[in-house]
Amino acid sequence: MKAVMAMAAGLMLAAAAPASASDPVVKLWRLDCGKVKNGDLGMFADSFALDGKRKDIVISCYLIRHGDDYLLWDTGFGAELAGREEEPIPGVKVSLARTVVDQLRQIGVKSEQVRHVAISHMHYDHSGQADSFPKATLLMGAEDLAILSANPKNPLLEPQRFDPWLKGDAPKEAVNGDKDIYGDGSVVMLTLPGHTPGHHGLLVRLKNKGPVLISGDLYHVAEQVPLNAVPTFNMDRAQTLSSQQRFGAIAQALKPTVIIAHEPADVAKLPTFPESAD
C-alpha cells in the first residue's frame, strides 16, 4: 500500500503546474562522464532480443542549477580513468576524457559549490566520482544505501566511493519513494525500482525547454524501450516492468524530452557543454 501511495503521489507531483516567473532560475547541463566502445547489448535484454548486437554507449552526468544552488546527478566513471582508455573485457574499451570537477571548473563552478550529489543507483558507472564532492549532501535510494553500507563484494559496486558518507560524517539522506528536492516540483527524484531496489530517475522542469525526464538505468539504450527489455543483471524483474509502465505513463502525460541514460543519440537532445538548457 505504501508503494502504491508513493507512486500515486509521484504522478500527481509530475502533473503539477509549471514553475511561475518568480521561481528560481533552473538550468541543466549534460556532462561527459565516460564512454564505452563496442558495448554488448545482449545483457540489456533477458529475452535474448538484443543478443549479438553491439554499439558504443555513453556515460552521462547532469549538473542542475536551482537559483544559487547546484546539484549533481550521477558522477560517472572514477576520476582515476581521466585521460586514459582501458580494455576491461576483450574488445570492449572504456574511457573518461575529463573529470567532473574539471568540467565544472570550465563553467566557473567550484566543487564546494555543489550542495547535493544525487545518485540514481549504486552501480560504479554512476557513482565513480561521488567522493570528489565530500562535503555535499548525498541523496540516494534508501535500499541502495543499505546495501552499500554492508560493504558488499560485487563487481558492479565500489562502496569506497561513498566513504565520506558511510564512514565519515558527510550529510546524507536515504530517499524513500519520490523526492521533490527543492519543494517546488522543479527537480524530482522518481522512484523506479527494479534495476536496483533503490533506483531512481529524474524529472527536471525547465522554463523554456519544458520537462526533461532522465531514465537512470531503467533503460540503458533506445533499443530496449519498444521491447520493454529487462537487463539480465536487474535485481527484480517484476519491479522493473512496473517502473517501465510508470515511466511511460509520465512520458505520455508530460510529453517531456526523454533522455535514456547510456543512449548516444540522446546526447544531442540537450545543448553541447558548456551550454545549458533552461
Taking 7 Å along the Cα-to-C-beta vector as the label spot, tell me the GLU80-ALA142 distance in nanometres, rounded to one decimal. 3.4 nm
Normalised contact order of the stretch 29-129, rounded percent, pairs of Cα under 8 Å and 6 or more residues apart: 31 percent
Taking the stretch 98-200, which trypsin sites (Lys or Arg not before Pro) meet the DSSP loop condition and have no more than 15 other C-beta atoms within 10 Å? LYS110, LYS135, LYS153, LYS167
Karplus-derived 3J(HN,Hα) from phi for the stretch 41-58 (6.51 cos²θ - 1.76 cosθ + 1.60, θ = phi - 60°), whole Hz, x at Gly and Pro, runs 7, x, 5, 8, 8, 6, 8, 6, 5, 10, 4, x, 8, 9, 6, 6, 10, 10
Need one number for the stretch 61-134: average projected area of the convex hull over its C-alpha atoms, nm². 5.2 nm²
To make sure I understand the rule: partners must be aspartates and glutamates, Cα under 12 Å from the Cα of LYS53, and not fewer than 8 residues away in the same chain. Which ones qualify? ASP40, GLU223
Here the FRET efficiency for ASP68 versus LEU227, based on Cβ atoms and R0 = 45 Å and rounded to 0.05, is 0.55
Solvent-accessible area of GLU158 with every protein chain in place, 1.4 Å probe, in Å² to the nearest 10: 50 Å²
For SER242 paired with PHE273, estimate the spin-label separation in nm (one decimal), with each label point 7 Å from Cα along the Cα-to-Cβ line. 3.5 nm
What 222 nm value per residue comes from the helices of the chain, counting each DSSP H run with n ≥ 4 as -39,500 (n - 2.57) and dividing by all residues, nearest 500 deg cm²/dmol? -5500 deg cm²/dmol
Contour minus end-to-end for LYS255 and GLU173, with contour as 0.36 nm per residue of separation and end-to-end as the Cα-Cα distance? 26.5 nm
So for the stretch 152-266, what percent of the C-alpha to C-alpha distances run longer than 18 Å? 57 percent
Filter on LYS37/LYS209; LYS110/LYS172; LYS35/LYS269 - keep pairs with C-alpha separation over 24 Å: LYS37/LYS209
Given charges at Cβ of Lys, Arg, Asp, Glu: the chain dipole, positive-most of PHE247, PHE162, GLY42: PHE247
Two-site label geometry, ALA97 and LYS37: point separation in nm, points 7 Å out along Cα→Cβ: 1.4 nm
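The values are calculated or read from the model by the stated rules, or taken from the named source; none is laboratory data. Fair warning: this is a prediction, and the values are worked out from it, not measured in the lab. Virtual Cβ from ideal backbone geometry, glycine too; neighbours counted across all protein chains shown. Accessible surface areas use protein heavy atoms only, side chains included; no ligands, DNA or RNA. Shrake-Rupley method; radii C 1.70, N 1.55, O 1.52, S 1.80 Å.
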